[in-house]
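Read the structure below first, then the notes.
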Amino acid sequence: MGNFDTHKWFKKQYLEEANIEEQSDLVSRMESLVDRETYKRFVDSLDDLLDDWYMEGFEKGDVIEFMSKIIPSN
């Protein structure tokens, strides 16, 4: 289940939504503020989840909608 690079996918999606230079700085800053091992476990877990969801037929929009429901807005 390891061929899909979750980190690259999310970073690409995120960077396409707004000014690439500003967003790149934001992503780099956020990545630099978290413990590397914790971040790696998060990315690896998300990679596994995405593989499972995509194999079950869910699409990118489905995953984004799901994530928007479970991530608090405030």
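The values are calculated or read from the model by the stated rules, or taken from the named source; none is laboratory data. Keep in mind it's a predicted model, so treat the numbers as computed, not measured. For neighbour counting, all protein chains shown are included, and Cβ atoms are generated from backbone atoms with ideal geometry for every residue, glycine included. Note: areas computed on protein heavy atoms with side chains; ligands, DNA, RNA excluded. Shrake-Rupley method; radii C 1.70, N 1.55, O 1.52, S 1.80 Å.
Pairing each residue of segment 33-48 that is free of Cβ contacts under 8 Å to residues at least 12 places away in the same chain with any residue that is in a helix (DSSP H, G or I), provided the two are 6+ apart or on different chains, yields C-beta distances under 7 Å for Tyr39/Glu31. When the helices (runs of 4 or more DSSP H) confined to segment 20-74 are screened for residues that are modelled with pLDDT of 90 or more and open to solvent by 80 Å² or more (accessible area, probe 1.4 Å), those reaching at least 2 such residues are found at 36-55, 60-70.
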